1. What is the residue count in region A:149-177 for residues that are out of contact with any Leu (no Cβ under 6 Å at 6 or more places or on another chain) and part of a helix (DSSP H, G or I)?
2. For a quick check of your reading: which helices (runs of 4 or more DSSP H) sit entirely within region B:201-298 and have at least 2 residues that are in contact (Cβ under 8 Å) with a residue 40 or more places away in the chain, surrounded by fewer than 23 Cβ atoms within 10 Å (Cβ to Cβ) and among the hydrophobic types (A, V, I, L, M, F, W, C)?
3. Could you check how many residues of region B:94-108 are free of Cβ contacts under 8 Å to residues at least 24 places away in the same chain and either more than 16 Å from B:Leu226 (Cβ to Cβ) or more than 7 Å from chain C (Cβ to nearest Cβ) (or both)?
4. So B:Pro122 passes all but one of these: (1) closer than 30 Å to B:His179 by Cα; (2) surrounded by 23 or more Cβ atoms within 10 Å (Cβ to Cβ). Which condition number does it fail?
5. When the residues of region A:213-227 are filtered to those that are among the aliphatic types (A, V, I, L, M) and not in a strand (DSSP E or B), which remaining residue is nearest to B:Leu221 (Cα to Cα)?
6. Test B:Val252 against the criterion of being within 13 Å of the chain's Cα centre (by Cα) and either within 14 Å of chain A (Cβ to nearest Cβ) or at pLDDT below 85 (or both), and give yes or no.
7. Hey, among the residues in region C:120-159 that are at pLDDT 80 or above and polar (S, T, N, Q), which one's surrounded by the fewest Cβ atoms within 10 Å (Cβ to Cβ)?
8. In region B:198-234, how many residues are more than 11 Å from chain A (Cβ to nearest Cβ), more than 13 Å from the chain's Cα centre (by Cα) and not β-branched (Val, Ile, Thr)?
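The values are calculated or read from the model by the stated rules, or taken from the named source; none is laboratory data. None of these values were measured; they are calculated from a predicted model. As a convention, Cβ positions derive from the backbone with ideal geometry for all residues, glycine included, and neighbour counts pool all protein chains shown.
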Amino acid sequence: MRLLTTLGAAAIVASSIAGTASAKDIIIGMMCDRTGPTSVTGTALCPGYHDYINLVNSKGGVMGNKLVAHEIDHEYKVPPAVEAYQTYKAEGAVLVSPYGTPMVYALVQKMREDKIPGTSAGFGSAAAGNGERYPYMFPIAASYWSQAAAAVQFAKDKLGGSLKGKKIAYIYYDNPAGREGLPVLEKLAPKEGFEYREFAVPPPGIEMGPQVLDITRRYRADFVIAQLFGRAPSVALKEFKRAGFPLEKIVGFVWAGSEGDIQAAGGWEAAEGYNTIQFAGVGSDYPVLQEIRDMYKANGSEDPSAMKYTAYYNRGVFQAAVHVAAIENAVKAKGGSGDITGENVRDGFYEIKDFTLGGLLPPLEITRQDHEGGGWVRIFKVGKTGYVAETDWFRAFRPEVVELLAEEEKAK
Amino acid sequence: MSDFQFATELFGQGVANGLMYSLVALGFVLIYKATDAINFAQGEFVMIAGIVVSALLSPAYGFPIWLALFIGLAFMVIFNIALERVVLRPLIGRPIVSIIMATIGLAFILRGLGPMVFGAAPRAIKLPIPDFPIIFGPFFFNPIQLVGAGVSIVFLLGFGWFFMKTRKGVAMRAVADSHQVSSAMGINVEQYFALAWVMAGVVAMLGGVLWGSMSGVDTQLALVGLKVFPVVILGGLDSIIGVVVGGIIVGVVEALASGFIDPYVGGGTKDFAPYVLMILMLMIRPYGLFGRKLIERI
Amino acid sequence: MLHRESGFYKTDYKSDMGLYRLPISRFAAFGMLVLFFAVAPLVLSEYHLTLLSLVAIAVVGALGLNILLGYTGQLSIGHAAFMSVGAYTAANLANNFDLPFLITLPAGGLMAAAVGVMVGVPSLRIKGVYLAIATLAAQFIIEWIINHSPSISGGVQASIEVDRPTLLGVKLDQPAELYYFLLIVAVIAIIATQNLIRSRIGRAFIAIRDQDIAAEIIGISVFKYKLYAFAISSFYAGVTGVLYTYYLGIASYEQFQLGVSIDYLAMIIIGGLGSVLGSVLGAFFVTLLPIGIRLAMEEIGTRFVEHDVLAQVISQLRQILFGVLIIVFLIVEPDGLNRLWINIRNYFRVWPFSY
């Protein structure tokens, strides 16, 4: 009996929530993790997402249709993510953004069945960028393979234009995502004539003295590529610094270079020189961020504290911007009506052209085959007080990465 | 660099790290020794202490380091007294699983409370310790590790002395042996329970500051608590000398596994090796190297 | 005719050991079956069926853990690892050998049982906290092995996509079909557990839990029955893992980490140790609690604070509340929801003549 009442109550509340959305509202299902293992990311990324959506709404929404981003925190666990997805589906969401690699995997089949598109920027395997295999999943950001290729290119540029006879250390968090960079290194090593060795950092990665000692004193690497998560990036920075290794010769993947990591490593000066790969621009000098600040000022409130953490906050803005762009294209295709379906939004992704929000976004080229958008990255260096752009948006060894994707597809 | 030299360096680093594991494990042992409670939230204690101190040091508060440390210490003491009174005391005499689950529940609370009050972003704890390596013959040390190892040794010795030589320490051992008998002998058992939790709080505070300065502070710092279990099983759940030896063994095994086994298995064995060692120990000598042999066999 | 019992008097052992202890249980059980099998799929939306499906999976896992902890008194903090063993076994069998779920489901369970026994054997000498820590080690070791064995985990990604289960040529890909699939397994698990604990094995488990030395003396082989408990409990965990795999369409070790083990422990502690009904109630409670908190907060909270501030607070509050609930149940009602239910039932059984 109790169970019935619980369910009944849940049903009533759920329907009342669904009822608050009027016919013209466009609903986006937005998953988040503010308490689980990736809470550091979620607490800055999700506010960025909401702020951009609020900004669009404050300007009248998408052609007069209001956007509703319904956030559900799933604590980086799969069953709550499934529940969240079903909530979105019941609410009639036209776009869902799963958060976290296991959740992307758990939902990708359902999303295809239900024809609801979603994005997974920074999550999931490189193979998920294959638009023919996963027609409703859009990674929209550089995969770990593209990042690894860019990192090798960056090392090449930094080491004087050639990698012949050089040693690259790949230090990675010992989980599936951490190992993602390895196939690219394997492929590029004979081509570029460098040798590489892998150094695993098992979770939780709060201590890595032995690995750093090995890299700096025994292997004597010329360059370090770091694919780390959680607290591991800041630990790595401190350890490399204490070992006397120049931080200029380290490049970190996208989850290893946020303001939080740098602060935890002792601040900008302590981490100066470290290079980070980004798939959305970092720093505060973008017109869209100014608009958000103006929006807050107009409301008479202070800037949100999450805005200080631009690496993740901007990624939230980036995701929201791409979502809104896709939705806008879908609405346009329907002649301004907010009555769009997931399929319309999916087609909207292919129509995104020349949309960079003043450099916050890379020049994405999403096609039916390539949902990764081209694999663009930009490398920022840690300066004395903030990030300094080290390169422009670029991509490297694209043919090799595409070749790897084809090989992976064949193996399946 | 020769393998031998590399091994000695790893060894040195392992010892230093191991002593810092000992410091965290010490809190666990203190509680078990006095109250027979198993604290699965020791890592979260370390985390919350780290969060409090790092928040006080951050520009938002801008406290000087000594004051931040002092407030952190006071906070941990008061918090743990309250904790003992509200959560643990009603559970005295309950099966061990109840206490384990209660501390797991506590871990949830702390993981939610810390970021709720002080924000979830990671922070640094900057101690006045230099960042460059100290080269010491063939050894190669991080200053923070040396300090950490030094602090650990001082505290481990201090607690060892406390338990062996002082009146309160002896009373605490009596409490651990039998609540009823010590109560009958006029020892205020509940007061000693509170004292044990306070001492665990003090140790957690030290662990939080040292580990926090190594890795930065956010909720992930709690994961250092998982290192406790191999340490205490190897050394013995209720032995202070065991904590030191267990910590050093775990530290050294981790370092050597990372340097010499990883390249052959293609994965990180650093956290895996101590757990395997622990399972072996449980099979051969469940009470550890220095623990009391109170294992019932059936 | 309206009349009430004046008490039930069992005159032989057979009736005392019956599946239904009270005549009304028979009707209640039948009513529940009708409710969940016939009514629920008709009246509930897809969303609510999803919730019930997740609960059904959790029920199986909670029952398994309750057999080990609640009935036999052996603590395991590594149950999620056994789930992953089941999940990967089923995923590999289904993909490489095209086996139907009628084979992969028990196979996943059996493999998990085998691994459970492997963990159980060294644990037989130890109990209490040592066992807890040993199973914690098992969790990490199993995770590590799966993570580093491409032949088990299906490659670098350590995740295997699995097709939906098929029965008699019908692919169970509709929410209602999957719901029936999970519900049937959950009901079988409930009946099996209910029967198990009334059997010789179950009574031996309880004897070991209550007083292991006495159990040994009256001729129960503690060694054998502890192993049984580990095997049966791990079997349930393995089946849970298989169910997750089929339900989500993927086996991934990242779904079965330490936090999941702890969620299941919370289920049986909140639901009630050593009680089948408690396992079911606990599975409901822990699965639905976060949703309940979110819905309540979204209703109430938006009247006071901005939505984006609220999102942060909801997340942390949920975690705190979860911890508080575990502690409150431990201190105030150690027998969990099951005891609360019995209290309510007993009150109404004699109402209004409570003396």
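1. Total satisfying the criteria: 10.
2. Values: elements: B:228-235, B:240-256, B:262-265, B:272-284.
By residue number, B:240-256, B:272-284.
3. We begin by selecting, within region B:94-108, every residue free of Cβ contacts under 8 Å to residues at least 24 places away in the same chain; these are B:94-95, B:97-98, B:101-102, B:105, B:108.
Filter once more, so that each one left must be either more than 16 Å from B:Leu226 (Cβ to Cβ) or more than 7 Å from chain C (Cβ to nearest Cβ) (or both): B:94-95, B:97-98, B:101-102, B:105.
Residues meeting the conditions: 7.
4. Here B:Pro122 clears every test but (1).
5. So in region A:213-227, the residues among the aliphatic types (A, V, I, L, M) come out as A:213, A:215, A:221, A:224-226.
Restricting the remaining residues to those that are not in a strand (DSSP E or B) gives A:213, A:215, A:221.
Details: A:Leu213: 22, A:Ile215: 25, A:Ala221: 29 Å.
For region A:213-227, the residue satisfying everything is A:Leu213.
6. Values: within 13 Å of the chain's Cα centre (by Cα): no; either within 14 Å of chain A (Cβ to nearest Cβ) or at pLDDT below 85 (or both): yes.
In short, no.
7. Filtering region C:120-159 for residues that are at pLDDT 80 or above and polar (S, T, N, Q), the one surrounded by the fewest Cβ atoms within 10 Å (Cβ to Cβ) comes out as C:Ser149.
8. Of the residues in that region, 1 qualify.
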